[in-house]
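See below for the structure under consideration.
The values are calculated or read from the model by the stated rules, or taken from the named source; none is laboratory data. None of the values given here were measured: they were computed from a predicted structure. As a convention, Cβ positions derive from the backbone with ideal geometry for all residues, glycine included, and neighbour counts pool all protein chains shown. Side chains included, ligands, DNA and RNA excluded: accessible areas come from the protein's heavy atoms. Shrake-Rupley method; radii C 1.70, N 1.55, O 1.52, S 1.80 Å.
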Amino acid sequence: MIRSEVKKVLDDCFAHGVAEGLWSDEAAGKFTVELPKHEGQGDFSTNLALVLAGIEKKNPRQIAQLVAEQLSSHTDLIARVEIAGPGFVNIFIDHDVWRRLIPKIIDRGAAFGKSSVGAGRKVMVEFVSANPTGPLSIGHGRQAILGDSIARLLEATGHDVFREYYYNDAGRQMRVLGESTRARYLELLGEKFTFPEDGYQGEYIVDISRSLIDEQGDGLKDHADVTPFKEQAERYIFKDISSTLERMGIVFDNYYNEHSLYENGLIDDVVAELKAKGYVYEQDNAVWFKTTVFGQEQDRVIIKSSGEPTYRLPDMAYHREKFRRNFDWLVNIFGSDHIATVPDVLAGVKALGYDPDKITVVLHQFVTLTRDGKQVKMSTRKANFITVDELLDEVGVDPVRFFFMMRKADSQLEFDLELAKKQSQENPVYYVQYGYARLCAILRQATEKGFAEPQYDADEARLLTEPEELKLLQTMSTFPSTIEGSALELAPHKIIFYLMELAGQLHSYYNKHKVITDDLPLSRARLCMIKALQVVLKNGLDIVGLSAPQRM
RNA sequence: GCGCCAGUAGCUCAGCUGGAUAGAGCAACGGACUUCUAAUCCGUAGGUCGCAGGUUCGAAUCCUGCCUGGCGUACCA
């Protein structure tokens, strides 16, 4: 918040300099206000003089002198400025400016950090989208948390968010699922059975078969059609998936069934439209989409010679529906194994006359799971995979959410099971939550000792002079821009890092300075700041779906 | 072969889209509980930012070429 004020002042100074003929306006928009890395380099610093020097071919330190003179007249905001290094202008903010943040934060309360940059923007976040062939695996877990956190961040910045799960309950995979279930069913009944070659071997299939026996006895043993097995499996697995999602605090606005695209004729419709526009042709009995027109290396089949569409066709139809449903922004969260589908869908969307720039795809890399120092290969078909449910049982919801958010999507995420279990006491999530609990403890203690609800007083606030206090205030001031950046970049890990930083500063402060002392004015001032910290930490945890325990 | 992603401390990862002296957490070592919660803090140690060029006042960050790992490269999804 303060940074943007500084930027505004700097912009004024820059314009003023242009008006006075000190420099041309060529540098407009090229200079920045940043947070210096090291102590003693001011609260903010600007490279304006360096940028100007490059353009004007002048000595950067001389120009810095001019910039500094302009800036130092803004005494309401800036206490002093310094020229340093090759020509940076370091800006020291008046301490009162930081202190005045406290009432602003407390007054805004739960709304502090939220913004309206996304107001009026309808955005769909599509994520998970796992077909109902088994329980959610670790990889799905990452995607679920990533997608949900992104959705939450977009909500916090005023977007009108719609969470959607796209799934397919038809096709070969589901047929194999039905056959696997039938095989286990027959096995349980002691009948002869043949397990499908690439069938699903998980224990959950046996559970499903058992439930069929409970409901229908052996009445299905001579049933030639796999449909009842398939349907039972789908019902069962979907229930399982949604309960897992619910445990993580994830609720979808809609589950979109791929199959409905066929029923509504939307698949045929897309083919017809592409055909009419000349983007498809037939060859070897298959229908090809001219993806080469859109810059790809080779054309792609959208209808196989068997007459069955490939996955690309329904994907295109689905995305066209997204556009037709009037979303301004389409965010797709995919695993990196789906990377090949992205260009095809984008080409399809473009061919159908929609703007592919409205789609942002977040590709996340895989989660590698290690147990006893060895990597566990995960396969949905084989039985040896860890489900999200098991993970939740072992380490709890908050650590699972936290861990999956800790890494940026581009990075592979290593999840060491042993470590996750062993460390459950010293998990970074507890570090942040403990900070919040501590703040609550201080405020409880204050109440017991007869302090009234913290009330900001400008004079008392001047007693906040410790470097740790000013640092905390500065960090709090960047909360709104951190949320906004994290949301617009679709990068929840930034919030996690912010929270760890803020909690760290708090813990250091706590160990060094006592809030409640015999010095009543100072105690009141500090309690006010603690109250503001509590607001920030609570909001931060809330926004990414973590709980904020008052005691630990 | 081609495309995408990654390569930063012993390990796991940040690094604000080009800034000043490279950051955190684990792990290691040494300290701090008569105190608002020690699930905490303080200190020490740890680096050729994969390699080599290039762009400029300035590069972990941008461009090129290699090397290594992951994921793709289907008439599977």
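A:Lys104 - would you say it is away from RNA strand B (no atom under 12 Å from the Cβ) and out of contact with any helix residue (DSSP H, G or I) (no Cβ under 8 Å at 6 or more places or on another chain)? Break it down into steps so the answer makes sense when it comes.
On the way: away from RNA strand B (no atom under 12 Å from the Cβ): yes; out of contact with any helix residue (DSSP H, G or I) (no Cβ under 8 Å at 6 or more places or on another chain): yes.
For A:Lys104, the condition - away from RNA strand B (no atom under 12 Å from the Cβ) and out of contact with any helix residue (DSSP H, G or I) (no Cβ under 8 Å at 6 or more places or on another chain) - is met.
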Does the stretch A:32-41 contain at least one residue that is touching an Asp or Glu at 6+ places or on another chain (Cβ under 8 Å), buried (at least 17 other Cβ atoms within 10 Å of the Cβ) and within 30 Å of A:Phe112 (Cβ to Cβ)?
no
Can you list residue pairs whose Cβ atoms sit under 9 Å apart, with the first residue in the stretch A:315-338 being over 21 Å from A:Ala144 (Cβ atoms) and away from RNA strand B (no atom under 16 Å from the Cβ) and the second being of a type in the set (A, V, I, L, M) and assigned to a loop (DSSP other than H, G, I, E, B)? Count only pairs 6 or more apart in sequence or on different chains.
A:Arg320/A:Leu352; A:Phe323/A:Leu352
Identity of the residue in the stretch A:181-203, open to solvent by 70 Å² or more (accessible area, probe 1.4 Å) and among the polar types (S, T, N, Q), that ends up farthest from A:Leu136 (Cα to Cα):
A:Thr194
Inside the stretch A:483-503, the number of residues satisfying the requirement of being open to solvent by less than 30 Å² (accessible area, probe 1.4 Å) and touching a residue at least 24 places away in the same chain (Cβ under 8 Å) is 12
Can you name the residue in the stretch A:404-421 that is near RNA strand B (Cβ under 9 Å from one of its atoms) and either free of Cβ contacts under 8 Å to residues at least 40 places away in the same chain or outside any loop (DSSP other than H, G, I, E, B) (or both) and is also nearest to A:Met500 (Cα to Cα) among such residues?
A:Met406
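Quick grid of which residues meet (1) within 10 Å of A:Phe88 (Cα to Cα); (2) part of a helix (DSSP H, G or I); (3) near RNA strand B (Cβ under 9 Å from one of its atoms):
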position: A:Gly21; (1), (2), (3): no, no, no
position: A:Lys37; (1), (2), (3): no, no, yes
position: A:Gly42; (1), (2), (3): no, no, yes
position: A:Ser45; (1), (2), (3): yes, no, yes
position: A:Ala53; (1), (2), (3): no, yes, yes
position: A:Gln62; (1), (2), (3): no, yes, no
position: A:Leu66; (1), (2), (3): no, yes, no
position: A:Gln70; (1), (2), (3): no, yes, no
position: A:Asp76; (1), (2), (3): no, no, no
Could you please find all residues in the stretch A:303-349 being over 26 Å from the mean Cα position of the chain (by Cα), aliphatic (A, V, I, L, M) and open to solvent by 20 Å² or more (accessible area, probe 1.4 Å)?
A:Ile303
Considering every residue within the stretch A:126-145, establish whether at least one is more than 30 Å from A:Asp198 (Cα to Cα), among the basic types (Lys, Arg) and not in a strand (DSSP E or B).
no
Subset of the stretch A:254-289 that is touching a residue at least 60 places away in the same chain (Cβ under 8 Å) and charged (D, E, K, R) - its residue that is nearest to A:Tyr318 (Cα to Cα)
A:Glu258
Among the numbered criteria (1) within 13 Å of RNA strand B (Cβ to nearest atom); (2) over 19 Å from A:Asp357 (Cα atoms); (3) assigned to a loop (DSSP other than H, G, I, E, B), which single criterion is violated by A:Tyr281?
(3)
Please specify each residue of the stretch A:31-51 satisfying the condition of being among the charged types (D, E, K, R) and modelled with pLDDT under 85.
A:Lys37, A:Glu39
